[in-house]
Amino acid sequence: MPKPWEEILLCKTPKSWIDRALNSLDVLLLDHAHCEKKAATTAIALIHRYPERNLTSRLSPLAREELLHFEQVLKLLEKRKVPYRNLKSGRYAHSLHGAISTREPNKLKDSLLVCALIEARSCERFYSLANYLEKSLASFYSKLCEAESRHCDLYLNLYQDLFEEDCEPRLKPLAQQESNLINTPDSLFRFHSGF
Ligand SMILES: [Fe+2]
Ligand SMILES: [Fe+2]
C-alpha cells in the first residue's frame, strides 16, 4: 500500500539529511518544536483571513493538535536539558510561501496546497527518521507521522470541498519546488532543510 505522502511528494528524504539529523538531534528537536508552533499559527491565520470560508470547524482542532505536539516536543527538550530558544528559520517554508499566488482565489488554493505539502514532508521525515532513533523517540515520531498524514489529507479535502476541482495542475509546480528544496544542498540544517 502506498504511504499517504507518496501521493503528493516527488522525492524521499536523502540519506545524507538523515545522517546530518542524527548528528544534530538537539537542533532537530528545537526546530521541530518551532515547526509545530508554526503549523498551529498558519491554521489560525487561515481561519482569520477567510471568515467567509467556514474553516474554523476543521482548522481549529488541527491548530489545537499542533499546539499539543509543540508542548510534547518542549517536554522532550526539557528532558534532554536543551533550553528552548529561537532559531534562524531555514529556507523551506519561506520559499514555498513565496510561490503562493498573490491573487484570490488562487492565494487560498495555493496556501492549502503548501500546507498539505509541508504536512506530507513532515510525515515522511518522521517515518524515515523513526527507523534510526532510540525506541521512545521512534515511537513518538511514528505517532506524529500518523497525525501529520491526517493533516495533509485534511488540507487536500478542504481544497476539494471549497473549489470542487482537481488540485493537480496547481499542486504540480509547488510539489516540484518542494522536491528541489529537499534535493539540493543546504547550508543550514533544519527539520525541512535540503541535505
Ligand atoms: Fe504536528
Ligand atoms: Fe500537522
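The values are calculated or read from the model by the stated rules, or taken from the named source; none is laboratory data. Just so we're clear, the structure is a prediction, and the values are computed from it rather than from any experiment. Using ideal geometry, Cβ is built from the backbone for each residue, glycine included, and neighbour counts are taken over all protein chains shown. Only protein heavy atoms, including side chains, enter the accessible area calculation; ligands, DNA and RNA are left aside. Shrake-Rupley method; radii C 1.70, N 1.55, O 1.52, S 1.80 Å.
Which condition does residue 52 not pass, out of (1) surrounded by fewer than 21 Cβ atoms within 10 Å (Cβ to Cβ); (2) of a type outside the set (A, V, I, L, M); (3) in contact (Cβ under 8 Å) with a residue 24 or more places away in the chain, if it passes all the others?
Failed condition: (3).
Assess whether residue 71 counts as being within 28 Å of residue 157 (Cα to Cα), surrounded by fewer than 16 Cβ atoms within 10 Å (Cβ to Cβ) and within 19 Å of the chain's Cα centre (by Cα).
Values: within 28 Å of residue 157 (Cα to Cα): yes; surrounded by fewer than 16 Cβ atoms within 10 Å (Cβ to Cβ): yes; within 19 Å of the chain's Cα centre (by Cα): yes.
Spelling it out, residue 71 is indeed within 28 Å of residue 157 (Cα to Cα), surrounded by fewer than 16 Cβ atoms within 10 Å (Cβ to Cβ) and within 19 Å of the chain's Cα centre (by Cα).
Note down all Cβ pairs under 9 Å where the first residue falls in segment 139-168 and is more than 16 Å from residue 124 (Cα to Cα) and among the charged types (D, E, K, R), the second is open to solvent by less than 30 Å² (accessible area, probe 1.4 Å) and in a helix (DSSP H, G or I), and they're at least six residues apart or on different chains.
From segment 139-168, the pairs are 165/109; 165/159.
Any residue that is of a type outside the set (Phe, Trp, Tyr), in a helix (DSSP H, G or I), free of Cβ contacts under 8 Å to residues at least 40 places away in the same chain and more than 15 Å from residue 25 (Cα to Cα) - is there at least one of those in segment 79-87?
Within segment 79-87, the subset of a type outside the set (Phe, Trp, Tyr) is 79-83, 85-87.
Still in the list and also in a helix (DSSP H, G or I): 79.
Retained after the next criterion (residues that are free of Cβ contacts under 8 Å to residues at least 40 places away in the same chain): 79.
Those still in the list that are more than 15 Å from residue 25 (Cα to Cα) too: none.
Within segment 79-87, none of the residues are of a type outside the set (Phe, Trp, Tyr), in a helix (DSSP H, G or I), free of Cβ contacts under 8 Å to residues at least 40 places away in the same chain and more than 15 Å from residue 25 (Cα to Cα).
Check off (1) of a type in the set (Phe, Trp, Tyr); (2) away from ligand 2 (no atom under 16 Å from the Cβ); (3) touching a residue at least 60 places away in the same chain (Cβ under 8 Å) for residue 92 and give me the number that stays unchecked.
Just one mismatch for residue 92, condition (2).
Can you confirm whether residue 52 is within 14 Å of residue 30 (Cα to Cα), at pLDDT 95 or above and away from ligand 2 (no atom under 16 Å from the Cβ)? Explain how you work it out, then say what you get.
Numbers: within 14 Å of residue 30 (Cα to Cα): no; at pLDDT 95 or above: yes; away from ligand 2 (no atom under 16 Å from the Cβ): yes.
So residue 52 fails the test.
Let me confirm something: among 142, 136, 122, 128, which residue is open to solvent by 10 Å² or more (accessible area, probe 1.4 Å), away from ligand 1 (no atom under 15 Å from the Cβ) and within 17 Å of the chain's Cα centre (by Cα)?
Working: 142 fails: away from ligand 1 (no atom under 15 Å from the Cβ); 136 fails: within 17 Å of the chain's Cα centre (by Cα); 122 fails: away from ligand 1 (no atom under 15 Å from the Cβ).
Residue meeting the stated conditions: 128.
Mind checking whether some residue in segment 5-13 is within 13 Å of ligand 1 (Cβ to nearest atom) and not in a loop (DSSP other than H, G, I, E, B)? If you could, list the steps in order and put the result at the bottom.
If we filter segment 5-13 for residues that are within 13 Å of ligand 1 (Cβ to nearest atom), which is where we start, we get none.
No, because not a single residue in segment 5-13 is within 13 Å of ligand 1 (Cβ to nearest atom) and not in a loop (DSSP other than H, G, I, E, B).
Could you run through segment 167-179 and say how many residues are out of contact with any helix residue (DSSP H, G or I) (no Cβ under 9 Å at 6 or more places or on another chain) and open to solvent by 50 Å² or more (accessible area, probe 1.4 Å)? Reasoning before the result, please.
First, pick out the residues of segment 167-179 that are out of contact with any helix residue (DSSP H, G or I) (no Cβ under 9 Å at 6 or more places or on another chain): 168-169, 172-173, 176, 179.
Then keep just the ones that are open to solvent by 50 Å² or more (accessible area, probe 1.4 Å); that gives 168-169, 172-173, 176.
Matching residues across segment 167-179 total 5.
Condition test on residue 108, is it within 15 Å of residue 155 (Cα to Cα) and surrounded by 12 or more Cβ atoms within 10 Å (Cβ to Cβ)?
Numbers: within 15 Å of residue 155 (Cα to Cα): yes; surrounded by 12 or more Cβ atoms within 10 Å (Cβ to Cβ): yes.
The answer is yes for residue 108.
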